[in-house]
Amino acid sequence: MSQTAVPAIGSLRDTESIEQISLQDRGMPPSTYELLRRSAARSPDATALTFLLQGNSEETPYQLSYAELFGKITQTANAFHRLGVRPGKAVSFLLPNLPHTHFTLWGGEAAGIVNAINPLLDAEHIAELIRASDSEVLVTLAPFPGTDLWDKVAGLRERLPELKSIVTVDLANYLPEPQRSGLQAQRGALPTDVLDFDELIGACPDDHLESGRVIQPDDIASYFHTGGTTGTPKLAPHSHRNEVAMAMILAMAIDLNEQDITLCGLPLFHVNGVMVTGLAPFYVGAEVLLATPQGYRNSSLIQNFWKIIERYRVSFFSGVPTIYAGLLQVPSAGHDLSSLRYALCGAAPMPVELIRQFEGKTGLKLIEGYGLTEGTCGSCGNPPAGEQRPGSIGLRMPYCEVKIAVLDEQGQYLRDAAQNEIGNLCLRGITVFNGYLQADKNKGIWVDGDWFNTGDLGRIDADGYIWLTGRSKDLIIRGGHNIDPQMIEEALHKHPAVAMAAAVGKPDVKAGELPVAYVQLKPGVTVTEAELREHAAAHIPERAAIPKEVWIIDAIPVTAVGKTFKPALRFDAIRRVFEEHLRHLDPTIRVEVVADDRHGQLARIHVAQLDTAQRAAIESCLAGFAVRCELVAGRVD
């Protein structure tokens, strides 16, 4: 459906004006399958999907029109139906970014429920998510050089007897001959009970659903796992209404139209890649450039990024702060970037200095947004046609309700916050889910009735712009004083040698926590940790927030979608502090910090010789820290 009737958003007043007409009155499709059917009927010959296998600007792409894409999705839905997938039953997929991933996503939703799994998770987490989703069908990669997905799945088969069917996508089919046949011959035959995706769907009709299913808006379409930055993954169910509404809202918020070419580099197991650079452009009939199976993790894509933008006339892409920090190192001078209208940054707060550097280098408008899996994808964004306020996540998107709630110490709702008063950012509306699939994960997630508590802290200014002030779980609490890590990170990002910075609390006997910072340097530059500490002290206005240590590391750890993975840094800070405290007892003691469902974190103290006296000395030395410890005989190197 065309977005011509919707004005480009410049202010909160424009958002409120859009909301005068309901999504239903705007012709909202009842399901993702119907959304795709309408786009295929409207522009059957328009290019829907362009796929780059290698990530260079010279390669010949694989392309599908809207009619071809919808035909493949229909065939996939029919294949899954033949394998026993029904409404309410899930098919899991473990795939990189491929056209087949889109066939699986939308075909899975047409047949039943699709369960997206991060291929980078360890085998035990993958098995946990397959079990939690009650999947009997799994789609993954056939063996292919440089990939390990088949090995992971092969190792899991005996532990997952509930899996009735395994369907494999053969990456070799994207290669020209004779490479294709050579690779397939080298690989040899797969087990006889493993099905080939292309053969499977090739036997199915592409012009109707064999199930005859009439999909209802409240039917569950998908499960997406979340909680990857804080611990055990949780499954967030999305209804067809959630996803269709999100596609429509994003198209309005980003001002997408059928002339756009959107580059997808974020993974298709995550809502940003699926919605912002997937269903939203499909809704308006735009073209999606699927940039390599690994997306932004492909170094060739990053090195050739501006060439690809120029060749394919890309008008929009979405990324996360680590991607923009990386692209700053890639020369853009001499490339025609005039097709680019803007880029979106979400998933994590973008350092203001990084925004300035990126916009100054490329001339591109960078729009900061905010969203999360529980809200299907996006909830806020700086207005494309209005004022960009660096450091703000912008205005609430149309049909998305956002408020700041003041909670008591037990997390109970007290009242709505006043203008510019800091509190918990809460969401409500057509895109917000109804709760996690695992019922035990739903305790305390709702406040004031049906408002979802994101766990993020923020405020709303007089013009409706929303500012994140920290994450309740990310706050560094120094002697009862709350320190926002973003303040420390912003200061360090102003140093010319710093590519990325992340601040966390290290345990301290007196203060509970003290701020420390981890820094990843730009390639080819050198700076000392002492210099960085001095720089931080000079640029952080709050004395209590000045980091006690700045540690330079090779790379800031990130999740698969590019968010800074702060648990790993917190665990490393605990390890450093504990090893320092224990060194006088035994310099060979090693500390390993792991996630623990009961205690949040657990420090394992590995001691070569653990006798009663040694145990007592260690326990006495660490007694003042609020971290659960476990003593283990035997060193870990």
Inset, instruction - Quick one: dipole size for the chain, taken about the Cα centre, charges +1 on Lys/Arg Cβ and -1 on Asp/Glu Cβ, in debye to the nearest 20. - result: 580
Inset, instruction - Treat the count of other C-beta atoms within 10 Å as a stand-in for reagent exposure and order Glu136, Glu162 from fewest to most. - result: Glu162, Glu136
Inset, instruction - Let me know the charge dipole size of the range 476-561 about its Cα centre in debye, to the nearest 20, where only the beta-carbon of Lys, Arg (+1) and Asp, Glu (-1) is charged. - result: 100
Inset, instruction - Would you order Leu190, Leu492 from fewest to most other beta-carbon atoms within 10 Å of each residue's own beta-carbon? - result: Leu190, Leu492
Inset, instruction - Multiply the residue gap between Ala617 and Asp463 by 0.36 nm, knock off their C-alpha separation, and tell me the result in nm, one decimal place. - result: 49.6 nm
Inset, instruction - Please find the FRET efficiency linking Ser65 to Glu199, where r is the Cβ-Cβ separation and R0 is fixed at 22 Å, and quote it to the nearest 0.05. - result: 0.45
Legend entry - Mean Cβ count within 10 Å, highest first, over the residues of peptides 508-518, 425-435, 21-31: 425-435, 508-518, 21-31
Inset, instruction - Take peptides 442-452, 5-15, 362-372, 111-121 and line them up by average Cβ neighbours within 10 Å, highest first, as a rough protection proxy. - result: 111-121, 362-372, 5-15, 442-452
Legend entry - For the chain, with +1 on Lys and Arg beta carbons and -1 on Asp and Glu, the positive-most of Gly155, Thr192, Ser43 along the dipole: Gly155
Inset, instruction - Would you calculate, for the chain, the mean residue ellipticity at 222 nm contributed by helices, counting each DSSP H stretch of 4 or more residues as -39,500 (n - 2.57) and dividing by all residues, to the nearest 500? - result: -8500 deg cm²/dmol
Inset, instruction - Determine, for each peptide in 611-617, 65-71, the mean count of other beta carbons within 10 angstrom over its residues, then list the peptides with the highest first. - result: 65-71, 611-617
Inset, instruction - For the range 341-492, please report how many Lys pairs fall under 25 Å Cα to Cα, leaving out neighbours fewer than 8 apart on the same chain. - result: 5
Legend entry - Additional length obtainable on full extension of the chain from Glu549 to Arg311, 0.36 nm per residue less Cα span: 81.1 nm
Inset, instruction - Give the label of the value calculated from the structure for Kirkwood radius over Cα pairs in Å, choosing from (1) 29.5; (2) 25.9; (3) 30.5. - result: (2)
Legend entry - Karplus-derived 3J(HN,Hα), 6.51/-1.76/1.60, for each residue of the range 211-223, Hz, glycine and proline x: 5, x, 5, 10, 7, 9, x, 8, 5, 6, 9, 8, 10
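No value in this document is a laboratory result; all are computed from the given coordinates. Note that the coordinates shown come from a computational prediction; the quantities given were computed from them, not determined experimentally. Ideal geometry is used to build each Cβ from the backbone, glycine not excepted, and the neighbour counts take in all protein chains shown.
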